[in-house]
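Taking it in order: structure first as structure tokens, then the write-up.
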Amino acid sequence: MNAFLNGLLRCRRAPWEAVASILIALGVFMLMQPFALVAFTYSFAVTLVGTMTFIIVSHFPE
Amino acid sequence: MSNTAMDRVAEATPPKVARRIRGLSDRVIAWIFVAPTIALLLAINIFPLLWTVWLSFTNYRANRPNLPVQWIGLRNYERILSDADIWATMQATAHFLFWTLFFQVVLGFALAWLINRKFKGNDLWTTIIVLPMMLSPAVVGNFWTFLYQPQIGLFNYGIAFLTGVDPTSFSMIGDVALAPWSIVIVDTWMWTPFVMLICLAGLRSIPDYIYEAAECDRASNWRQFWTITVPMVLPFLMLAVLFRGIENFKMFDLVVQLTGGGPGSITELTSINLKREAFEKWRTGYSSAYAIILFVTVFGLASIYVKALNKVKDR
Amino acid sequence: MSGYSITEPSPRQKWIAGVLVIGYALVTLMPLLWILATGFKSSSDAIAYPPKVTFDLTLEGYVNLFTTQTRQTPEYLAEHPPQTWYEEIVRDKGMVIAGPSRFGERFLNSTIIGFGSTFLSVFLGTLAAYAFSRFRVPIKDDLLFFILSTRMMPPIAVAIPIFLMFRSVGLSDTHTGMILLYTAVNLSLSVWLLKGFIDEIPREYEEAALIDGYTRFQAFYKVVLPQAATGIASTAIFCLIFAWNEYAFAVLLTSGTAQTAPPFIPTIIGVGGQDWPAVAAGATIFLVPVMVFTILLRRHLLRGITFGAVRK
């Protein structure tokens, strides 16, 4: 866990990519879940942030 | 031999410069080779995409080109993302996605594993199983409406033959409870071979010596299956799931021909809904925003997909 | 220990596997056989209740597929005896052939657009894949991802601006427009697939050719292309399957001159609903070219489908 946080702070690629992937997956889940309309409403924002993060961090060093 | 002007220049040129000239010409060739592809993709994919982004902030309607186009900010997005009907189409898509992937993975993997037992004639049967994949999805959807007909359809008769139910007692497309399954069945029929082929490729990529080593260690077949076969095929299976997932997320042709979104809007997948908004109601700005939402979602999934793909390749 | 190596399953295992796979294949084959059979049924046999497994073979469906017909009075029919075998089939229903249907045209469009775009996307894809594989291209990874991501767009989503764009430059409902569009969609796939194949051709071959005095172009043409032939073949299968069967763009962007067969076949209407024998006949004829192409090139299918992730 510590190594993970350290990686985030030092702008390393792997942990940030993991974060972005989780955000994207969460966004897609929120988009399609049948439980709450509120989650659907904010799903796009979450996916967008995740995707943007992914594009940016894929240029971070390993 | 070396008496032309060019050759004399070449001889006099220090090696460093010569290398640079050759490198430069390589670079020129690289650009000549890549340029048409990039140009075509820019013209037919990126330019339209940017246009869509712009349209998504307006109230443009393609059937009324004379109407003044107004910038309305994020209103299209707000309306789409608070629309319970669109939320419902997303759930229909989710149902379709989940079950098609589930059945295709289970059947596809099982078939690949069985075919890899290398029984006599497995090549021929693989080719036969792959046939549905080559049909046009729209034609498949259309023809299955015929197979699903309660009175005359082959499907209902097949079910009747197996279970003894009266073939006229149910209608796969007409019934609200059955219609979501009717599209799952056809998609599974059509695309299980695809998952099977990818799994088969994965199984064939496992070198024999790994199994031989396991055999020397007296590992049971069951154990070999879970510690060798499954982990080695898993990346391929993931590839198949992501590929089918993205394809089915944007599913249009098969379902629009099969059920047309009905009965009611129970099988109205997102793409079908989007087509109605864009090309029947002609709410171009609104449906552009809708398209962007779908695109960002698929693009996000694609990012994860490419990451997974690179992992498969780097093994 | 058993006498069989683990990599060679026992005969009993093979037998069970064979039975299960053949069982699945037969079930999955049923709808296909039904399409094939329905094409040769008369319209009353096609919608018989219960479904008919044995029936009299007739080419009615195929004749309906290729012709348009009108009803005529018995007097007219008596005065003009049928001249050809297909005229005779139509006469049984009290109709005469009025002319060819649009299916021939649609099929021709599919052929032009399908093979045209397949050729173009494999051609451009090979060039781009070679460059990506062999040369230092700036921002290579981003470009490659950009190329792949274009494939991920839902067709309906890009159809709106492409519709507007084609309308303004006069490309809507033209062969050129459709070929360019399908090429653009397929390029992503073909660049990725072919890069995988070309990556595996050892660079030493070309370097040897360059030392022998070949130019880059000659080396590419005479050394790389023959080596990449199987890769090109498998890429062509996937491009063709897509372009041949595509429906969404075709139905939205074409209506008359450049319409392909997939949007056309489901609209074949007979007397009182869909003319199922004609639809089935159309589906059968339409499947044949892709099927032949795929069966001819099937050995390369496995590598292509995994983006070349399987090494030989």
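Assorted remarks:
- In Å, descending, principal axis extents of the Cα set of the protein assembly as shown: 96, 82, 70
- Of B:Phe119, B:Phe143, B:Phe57, the residue with the greatest mean-square motion in the GNM of chain B, using alpha carbon springs below 10 Å, is B:Phe119.
- Note on C:Lys195: aspartates and glutamates with a C-alpha under 19 Å away, same-chain residues under 8 apart excluded, are B:Asp26, B:Asp314, C:Asp141, C:Asp142, C:Glu204, C:Glu206, C:Glu207.
- Our compactness index for chain B, the C-alpha radius of gyration over the empirical 2.2 N^0.38 Å, is 1.38.
- Note on A:Ala45 and C:Arg102: with the Förster distance fixed at 35 Å, the Cβ-Cβ geometry gives a FRET efficiency of about 0.15.
- Inter-part distance where region B:110-187 and region C:159-234 are each reduced to a Cα centre, Å: 37 Å
- For region C:87-180, the direction-averaged projected area of the alpha-carbon convex hull comes to 10.1 nm².
- Candidate cross-link partners of C:Lys41 among the lysines, defined by an alpha-carbon separation under 24 Å and a same-chain spacing of 8 or more, comprise C:Lys52, C:Lys93.
- Electrostatic bookkeeping for C:Tyr130 treats Lys and Arg as +1 and Asp and Glu as -1; over the other residues with beta carbon under 12 Å from its beta carbon, the sum is +1.
- Computed E for B:Asp123/B:Leu178 - FRET, C-beta separation, R0 35 angstrom, nearest 0.05: 0.45
- Using every pair of separate Cα atoms, the Kirkwood estimate puts the hydrodynamic radius of region C:104-305 at 18.5 angstrom.
- Top of C:Ala219, C:Ala184, C:Ala233 by mean-square fluctuation, Gaussian network on chain C, Cα under 10 Å: C:Ala219
- Residues of region A:18-45 with amide N under 15 Å of a point placed 7 Å along Cα→Cβ from A:Met52: A:20, A:23-24, A:43-45
- Label zone at A:Leu37 (point 7 Å along Cα-to-Cβ), backbone N below 15 Å, region B:63-99: B:78-91
- Highest-MSF residue in chain C out of C:Asp142, C:Asp45, C:Asp199 [GNM, Cα springs under 10 Å]: C:Asp142
- Region C:227-287 shape via C-alpha gyration tensor axes, a/c threshold 1.5: oblate
- More than 13 angstrom apart: percent of Cα pairs within chain A: 61 percent
- 10 Å Cβ neighbours from other chains, averaged over peptide C:134-140: 4
- Averaging over all projection directions, the Cα-based convex hull of region C:59-101 occupies 2.6 nm² in the image plane.
- Once the Cα gyration tensor of region B:183-315 is diagonalised, semi-axes √(5λ) in Å: 41, 17, 9
- Summarising the label geometry, the points placed 7 Å from Cα in the beta-carbon direction at B:Phe225 and A:Ala14 lie 3.3 nm from one another.
- Candidate aspartates and glutamates - alpha carbon under 12 Å from B:Lys275, same-chain residues fewer than 8 apart omitted: B:Asp253
- Spatial separation of Cα centroids for region C:92-128 and region B:259-315, in angstrom: 28 Å
- Estimated FRET transfer efficiency (B:Trp54, B:Leu74; beta-carbon r; R0 22 Å; 0.05): 0.95
- Cα centroid of region C:14-29 to Cα centroid of chain A, whole Å: 44 Å
- Here the sum of -39500 (n - 2.57) over DSSP H runs of 4 or more residues, divided by the residues of chain C, equals -20000 deg cm²/dmol at 222 nm, to the nearest 500.
- Under the Karplus curve 6.51 cos²θ - 1.76 cosθ + 1.60, θ = phi - 60°, whole-Hz ³J(HN,Hα) for region C:212-223, x wherever Gly or Pro sits: 6, x, 6, 7, 3, 4, 5, 4, 4, 6, 8, 10
- Its residues counted as N, region C:1-160 yields a C-alpha radius of gyration over 2.2 N^0.38 Å of 1.81.
- Per-residue mean of foreign Cβ neighbours for C:101-111 is 0 (Cβ atoms of other chains, 10 Å radius).
Read the figures in this text as sums done on the coordinates, not as results from a lab. This structure is a prediction, so every number in the text was calculated from the model and none was measured. Here Cβ is always computed from backbone atoms with ideal geometry, including for glycine, and neighbour counts include all displayed protein chains.
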